[in-house]
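Each reported figure results from applying straightforward, stated rules to the coordinates on display, with no laboratory input. Since the structure is predicted, the reported quantities are computational estimates derived from the model, not experimental observations. Here the Cβ is made from the backbone with ideal geometry for all residues, glycine too, and neighbour counts use every protein chain on show.
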Amino acid sequence: MSTHEVYSTLREPLVDGNLTPADVTRDVCAPMDGKPSGLWWVGFLIAVSLLGLGVASVAYLMAKGIGVWGLNRTVGWGFDITNFVFWVGIGHAGTLISAVLFLFRQRWRTAVNRSAEAMTIFAVMCAGLFPLIHMGRPWLAYFVFPYPNTRGPLWINFRSALCWDVFAISTYFLISLGFWYIGLVPDLATLRDRAQGLKQKLFRFFSLGWDGGFRTWHRYETVYLLLAGLATPLVFSVHTIVSMDFATSVIPGWHTTIFPPYFVSGAIFSGLAMVLTLMLIARKTMHLENYITERHVGAMCKLIIATGGIVAAAYATEFFIAWYSGNEYERFVFINRAFGPYAWAYWTMVTCNVLTPQLFWFSKIRRNFLIVWVLSILINVGMWFERFVIIVTSLHRDFLPSSWSYYVPTKIEIATFAGSFGLFFTLFFLFCRFLPVLAMAEVKGVLGYGRSRGGGDS
Amino acid sequence: MNRRIHAVFNREDQILAATRDCRERGYEIIDVFTPYPVHGLDQAMGLKPSLLPLACFGLGIFGAAAMLYFQIWASAVDWPANIGGKPLNSLPAFIPVTFETAILMAGLGIIFVLFTRTGLHPFRKPAITDPRITDDHFLLAIRQTDAELHPRLAEEMLREHGAIEITEVPTEEGP
């Protein structure tokens, strides 16, 4: 927070087009003022239909029981836990962008942090759904919390990694929600001052009487920094604990110490791909070309190369250690992973996660947003398969060959997975329609307008 | 007599210079209303660093201690259960939940403290209801506490810094 910030003229401006703060308000609020476009309706209706499909399949599951899924005695975790880990991972890039990059003073994050945080919250909601419906009797889900009960009170088992998960995911959801809301308050005040009628009443309620007084800003910025400082270790702990669901077990292929860093980097890798997928669509459909520039997309592509590299190193390390350990079960699991019945899933994962990001080394590809978008989807697919490979290939060859089996998801499982995408995109479309997708107050601060030595102002 | 002067600016460097000047002349700055956090304004206004980090630390320590105590009490005292032959007080296994609770308490607690300290709540009336402030203008509010603030001189100084609008507000109104 120094008074004398010097802007290099050599450094590219963070926002294109010599915009003023008023332009930012206008551009960001424009999609909320008019009627939604036809494109928005198409997207929203597709998302709601998928959500409906998900609700129907979950209702069917409730009525019939877990038997409607393809799980069997050997493969007890399939689509459900794969989807859970996938969605939690998606969320992590939002926190990386909003908290970790904030601590590193990466000011380019201002253009993408709001929607990345929204993505985090919606992804964690989708993630939380899967363990919940996997319980079989989800109406007793509150049993996972340690509350005084009439059964003793019988407390939960705090030594279980699944119990840690409950605390990790709920903390992650609440802190992300708080962080997001705190960031929204000044922008809600801007909306309040522009809106009329019912909208204004709602915005007045949620903007908490914000008036931009600097004594409030001063404390607000302190709290924002504190929350970023809290969310950073939190995001690492959450996926560490998710990986411990596997690592603290005795299953070959799961019982490895590499899991926490491997899962965390994979999560950020997949999340960045999802941020790119969403951001490039939002940029195009909501005309935010001046705010989300080549620089942002390029920076995210480079982060993908870095995290993708860590993931590739983890794949190689796993194989090396399986051989080097001399443990025959460990060796079998990894050879079976690459050349066994699920080899197709394994090689899909390697192609999407190890080879795809290498294309981002070329600046020509980083500048072609259509190719970037396609590649980001391939990475999403690859990261979903990573979790599938870890979970299913480690389980399907049990210790006794008589228990060996093959897992195929049923239509209900696929419909539930599609339903989670429906939930995610329904919420995302509503967010784009009713809330500012860019953190206006933050973007105004990096414009360089009204500053004598400002970079963008002339 | 007590007077307040509201001066509106439309550039960040002007509000910084005007605020600094007001402080040097000894005028009492009520508050500066800005659309975004202007860097360096805290020094210009002479605001002390906030003590909120201490509160946050305290809340985190409280969350960690309370949860650790609860886990040991629930697992080893209230209903000791032999789970896989593990010790009743399996301290290392209690660390993840302790950590998560520390973060939860510190994070949600500090948001609550922020709202209390700044008086933000859903039914609060904004001190200034000027839609330009949440858009792209800056408003400097100063108060005359003694004879030192001569309205005409102050106005002149603010105009020199580029104020586009200056209003005198009787002291009963506003914050």
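The modelled label-to-label distance between residue A:290 and residue A:324, using points 7 Å beyond Cα along the C-beta direction, is 5.4 nm.
Take the Cβ atoms of residue A:281 and residue A:410, set R0 to 25 Å, and the FRET efficiency comes out at 0.20.
Cβ-Cβ distance of residue A:347 and residue B:51, R₀ of 56 Å, FRET efficiency by 1/(1 + (r/R0)^6): the value works out to about 0.50. When a/c reaches 1.5 or more, the comparison of a/b and b/c decides; with that in mind, is the stretch A:304-424 rounded, prolate or oblate per its Cα gyration tensor? Note, shape of the stretch A:304-424 comes out oblate. In percent, rounded to a whole number, the relative contact order of the stretch B:52-118 is 54, using alpha-carbon pairs under 8 Å and six or more apart. Scattering from the stretch A:150-295 was approximated by placing one identical point on each alpha carbon and applying the Debye formula without solvent; log10 I(q)/I(0) at 0.13 1/Å stands at -0.88.
With a Förster radius of 51 Å applied to the C-beta separation of residue A:154 and residue A:374, the computed FRET efficiency comes to 0.45. Using θ = phi - 60° in the Karplus curve 6.51 cos²θ - 1.76 cosθ + 1.60, the 3J(HN,Hα) couplings for the stretch B:108-117 round to 5, x, 6, 5, 4, 5, 4, 5, 5, 5 Hz; x is entered for Gly and Pro. Loop by DSSP (not H, G, I, E, B), at most 14 other beta-carbon atoms within 10 Å: where is the longest site-free stretch of chain A for GluC sites (Glu not before Pro)? So the longest stretch without any such site is A:6-288.
Based on DSSP loop calls and a cut-off of at most 16 other Cβ atoms within 10 Å, the longest stretch of chain A free of exposed chymotrypsin sites (Phe, Trp or Tyr not before Pro) is what? Segment A:105-361 is the longest. What's log10 of I(q)/I(0) for the protein assembly as shown at q = 0.08 Å⁻¹, Debye sum over Cα points only, no solvent? Treating every Cα as an identical point scatterer, log10 I(q)/I(0) equals -0.65.
Each other residue within a Cβ distance under 14 Å of residue A:130 adds +1 if Lys or Arg and -1 if Asp or Glu, for a net charge of -3. Extension gain for residue A:364 to residue A:37 (0.36 nm times residue separation, less C-alpha to C-alpha distance): 114.5 nm. In chain A, excluding the sites themselves, the longest stretch lacking any of the trypsin sites (Lys or Arg not before Pro) that are in a DSSP loop with at most 13 other Cβ atoms within 10 Å is A:152-452.
Relative to a virtual label point 7 Å from the Cα of residue A:255 in the Cα→beta-carbon direction, which members of the stretch A:145-174 show backbone nitrogen distances below 20 Å? Taking a point 7 Å out along Cα→Cβ of residue A:255, the residues of the stretch A:145-174 whose backbone N falls under 20 Å are A:159-163. Stretching residue A:140 away from residue A:302 to a fully extended chain increases their span by 53.9 nm, per 0.36 nm per residue minus the current alpha-carbon distance. Among residues other than residue A:39 whose Cβ falls under 14 Å from its Cβ, what is the net charge (Lys/Arg +1, Asp/Glu -1)? Its environment carries a net charge of +4.
Only alpha carbons enter this Debye calculation for the stretch A:51-102, each as an equal point scatterer, and the log10 of I(q)/I(0) it gives at q = 0.17, 0.26, 0.30 Å⁻¹ is -0.70, -1.02, -1.10. Note on the stretch A:242-286: semi-axes of the ellipsoid equivalent to its C-alpha gyration tensor, largest first and rounded to whole Å, are 34, 8, 6. For chain A, relative contact order (Cα pairs under 8 Å, six or more residues apart, normalised by length) works out to 34 percent.
Given axes a ≥ b ≥ c from the Cα gyration tensor, I'd like to know whether the stretch A:28-184 is rounded (a/c under 1.5), prolate (a/b larger than b/c) or oblate. The shape class here is oblate. Give me the angle, in degrees from 0 to 90, between the Cα long axis of helix B:52-72 and the longest principal axis of the Cα atoms of chain B, rounded to the nearest 10. Between helix and principal axis, roughly 10 degrees.
For chain A, complete DSSP H runs whose alpha carbons reach 30 Å or more along their own long axis and whose mean Kyte-Doolittle score is 0.0 or higher are A:38-64, A:113-134, A:161-194, A:214-247, A:259-285, A:294-324, A:411-434.
Which net charge results when you count Lys and Arg as +1 and Asp and Glu as -1 among the other residues whose beta-carbon is under 10 Å from that of residue B:6? Surrounding charge for residue B:6 is -2.
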